[in-house]
Amino acid sequence: MSSVCIHSDDEIAPVAYLKLNQLSLTEKLEATISHQPVMDHSSIYIDKLTNTTSQISREGTTSVFHSGPFILISVSKCQGASLVTVAESLMLTMQDTLLDVKGGQVIMMYLYLRNMQDYTVVNEIYATAFSSYYPARVCVQADLPHPLLIQMEITLLRTQNSSIPTLYLHVQSISHWAPANIGPYSQACKVGDIIFLAGQIGLIPGCMLLAPPKLEAIVALDHVISVLKVKGSDLSHVIRGVCYCTSSEAVQRAQRAWLKAANSSMSCPIAYPLVSGLPRGASVEWHIIAVDNQHTVK
């Protein structure tokens with residue numbers, strides 16, 4: 001038996017905890033999972049993360065792609081009178097594009113900054129674009145081609161697929177199972193049986209400080225495992241894995257962390273792109289997409 005206790009009755013993101021009034025143990029049999037290898041190798045090393053847009057106008061770029069029930073949008077902005085002006089213009093362009101494509105809910109955001117020092121300013125403006133929910137998000141500093149300052153890649157659900165159940169996990173309170181959000185985003189978004197995780201860095205949940213460099217990748221991956229568990233999944237159901245790293249040493253630590261956490265039955269390749277900066281000065285940031293435990297990864 002349990003009861004729900006409200007900690008903060010916030011209109012947008014209320015915080016509550018589950019009080020366990022009575023517990024009992026039940027023996028369960030672990031389900032066996034079988035699947036075919038996706039690729040012959042377990043990781044992909046990318047020397048540098050860069051923007052591949054071939055033509056950049058003075059205003060920026062906007063691209064739209066359609067993929068199954070999802071719409072993928074890429075929006076970028078160049079230099080302006082100030083960073084605030086560029087960020088505000090980017091958000092307006094995003095909102096106009098969402099109206100043009102008649103898209104539904106935004107599921108996942110990829111935010112690329114030329115300079116991570118702009119993170120706080122961009123965050124404040126970014127938060128105004130969403131009133132009732134926050135999509136999951138990845139944020140990295142990338143070597144954007146001149147004169148781009150900011151680029152966003154957006155995954156949203158088509159309006160005609162709005163009947164697909166969509167659940168957001170937005171953690172605000174300090175806990176010991178996963179770090180609270182350090183920006184206007186959700187830790188995860190589950191669309192049907194697909195789970196999109198926000199980028200996870202190695203913050204120690206209880207104090208929100210970065211773990212020592214040698215443990216950062218392990219701590220961040222533990223957060224991935226915790227969030228996947230809440231959403232009914234685990235590492236054996238990962239269908240896409242990316243670990244952004246700021247150095248070759250961080251890549252090696254991340255690879256060791258994955259090999260230790262994974263087992264021989266996991267076949268999803270992990271990409272390790274080198275980036276020039278991550279939030280809070282982190283050296284690694286894991287981004288995972290998975291399916292829930294009801295499905296077999298093939």
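One table, with the values for the structure above:
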quantity: The stretch 184-244 and the stretch 61-137: distance between their alpha carbon centers, rounded to Å; calculated: 22
quantity: Computed over the stretch 145-298, Kirkwood Rh from alpha-carbon pairs, angstrom; calculated: 16.3
quantity: In order through the stretch 113-127: 3J(HN,Hα) via Karplus (6.51 cos²θ - 1.76 cosθ + 1.60), integer Hz, x for Gly, Pro; calculated: 10, 5, 9, 5, 5, 7, 4, 5, 5, 5, 4, 4, 6, 4, 4
quantity: Carbon and sulfur %, accessible surface of the stretch 120-173 computed with the full protein complex present, 1.4 Å; calculated: 53
quantity: Where ARG240, ARG253, ARG280 fall by accessible area, highest first, once all protein chains stay in place (1.4 Å); calculated: ARG280, ARG240, ARG253
quantity: For ALA271, residues with placed amide H under 5 Å, excluding near neighbours; calculated: ILE44, GLY241, VAL242, CYS243
quantity: Length gained when the stretch GLU88-HIS146 is fully extended (0.36 nm per residue, less Cα-Cα span); calculated: 19.0 nm
quantity: Relative contact order of the stretch 129-271, defined on C-alpha pairs under 8 angstrom at six or more residues apart (%); calculated: 19
quantity: Estimated inter-spin distance, LEU167 and PHE65, nm [label 7 Å along Cα→Cβ]; calculated: 2.9
quantity: Probe 1.4 Å - accessible area at SER2, Å² to nearest ten; calculated: 70
quantity: Qualifying trypsin sites (Lys or Arg not before Pro) for the stretch 58-130 [loop in DSSP, other Cβ within 10 Å: at most 12]; calculated: ARG58, LYS102
quantity: Cβ crowding within 10 Å averaged over residues, with 152-163, 61-72 ranked highest first; calculated: 152-163, 61-72
quantity: Ranked packing of 182-188, 194-200, most packed first, by mean Cβ within 10 Å; calculated: 194-200, 182-188
quantity: Per-q log10 I(q)/I(0), the stretch 180-265, q = 0.11, 0.14, 0.15 Å⁻¹ (Debye; single scatterer per alpha-carbon; no solvent); calculated: -0.30, -0.50, -0.57
quantity: Label-point separation, GLN95 to GLU27 (7 Å along Cα→Cβ), nm; calculated: 5.9
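The values are calculated or read from the model by the stated rules, or taken from the named source; none is laboratory data. Note that the coordinates shown come from a computational prediction; the quantities given were computed from them, not determined experimentally. Heads up, the Cβs are rebuilt from the backbone with ideal geometry, glycines too, and the neighbour counts pull from every protein chain shown. With ligands, DNA and RNA removed, areas are computed over all heavy atoms of the protein, side chains included. Shrake-Rupley method; radii C 1.70, N 1.55, O 1.52, S 1.80 Å.
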